[in-house]
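Everything below concerns the one structure shown next.
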Amino acid sequence: MLNLCAISYVSWEIKTLNYKNMKIKLVMVAVLSAMVGLTACDGGDSKLAGELVGTWKGNASEIMSGKKDKTEKDDKHKSDKDDKYKGDERNKPAHFDTQEMTCTPTFTFVRTDGTNGGTINIAADYILAKGVETLATNIPVKATVKGNVSASGTWTVKDGDEIIVNLDPSKTIVDVDTASLALSYARLTDASVDSLNTIKGRVAANITDVIKPMLSGRMQKMHKFDDVKITGNTMTLEVGHNKMAFTKQ
């Protein structure tokens, strides 16, 4: 009887030891898997960080502001509304209240040794068209002006295809070329061109005060570049919902 108890006790000890060993092995496998995943991710980050170094000039890109992103719910609501007012005079085009901007950016990436990030300098030439409110005419007027903007800050690669950007507000500079200002009517009209000339001076006097904070604010909202892909000397990425292409200089 004593022998049977001893055998049972030894058997229990062996089972307990095997269970503990199995738990240790499972923990080791989990740790190793996590380490492999982190190594693979870090490898992708390091590769992209290395490829980014240098100056990249972007193609001219059209950027629309003042429009919210549409959802399926918005599309359905719009479709229902269109059906309801189809053929109705209330179904009119939107007023001219949206800015249109064409931007040609240049990015310069400098990598900090031992990291997957560094400093970034951004410079961009732009052409911006914006609706103008004026008492001189009841016809919507469009002002078009050129200029450039520059900014600098830091960048860090994340998840192998994202760049986290942190721009310094004190280093964001917006220049407006008021000499390039041109006014035009936002829609067809028989109003005289002279009426535009009478308000051009007043618009030129305050357009800088409108555009500078608008573009400075837009730059400060730039926190991330998505879906970054580099093939040879070509880089594509998304800034907000705008897809952009760059060529390495």
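The values are calculated or read from the model by the stated rules, or taken from the named source; none is laboratory data. What you see is a predicted model; the values in this text were computed from it and never measured. With ideal geometry, Cβ positions are generated from the backbone for all residues, glycine too; neighbour counts draw on all protein chains shown. Each accessible area value is taken on the protein alone, full model and side chains, heavy atoms only, with ligands, DNA and RNA left out. Shrake-Rupley method; radii C 1.70, N 1.55, O 1.52, S 1.80 Å.
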*Residues satisfying the stated conditions in region 100-117, i.e. open to solvent by 30 Å² or more (accessible area, probe 1.4 Å) and within 11 Å of E62 (Cα to Cα)*: E100, T102, T104
_Could you check region 236-249 and list, in sequence order, the residues that are touching a Gly at 6+ places or on another chain (Cβ under 9 Å) and either of a type in the set (K, R) or surrounded by 16 or more Cβ atoms within 10 Å (Cβ to Cβ) (or both)?_
M244, F246, K248
*Failed item in (1) touching a strand residue (DSSP E or B) at 6+ places or on another chain (Cβ under 7 Å); (2) free of Cβ contacts under 8 Å to residues at least 60 places away in the same chain, with D194 passing the rest*: (1)
*Scanning for something in contact (Cβ under 8 Å) with a residue 60 or more places away in the chain and open to solvent by 70 Å² or more (accessible area, probe 1.4 Å), does region 205-214 turn up at least one residue?*
no
*Would you say K142 is crowded, with 16+ Cβ neighbours inside 10 Å, outside any loop (DSSP other than H, G, I, E, B) and at pLDDT below 95?*
yes
*Given the conditions (1) closer than 30 Å to S46 by Cβ; (2) touching a Phe, Trp or Tyr at 6+ places or on another chain (Cβ under 9 Å); (3) of a type in the set (S, T, N, Q), which single one is not true for T154?*
(2)
*Does region 123-130 include one or more residues that are in contact with a Leu (Cβ under 6 Å, 6 or more places away or on another chain) and not hydroxyl-bearing (S, T, Y)?*
no
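Would you check if I120 is within 30 Å of G50 (Cα to Cα) and open to solvent by less than 20 Å² (accessible area, probe 1.4 Å)? Give the derivation first.
On the way: within 30 Å of G50 (Cα to Cα): yes; open to solvent by less than 20 Å² (accessible area, probe 1.4 Å): yes.
Judged against the criteria, I120 is a match.
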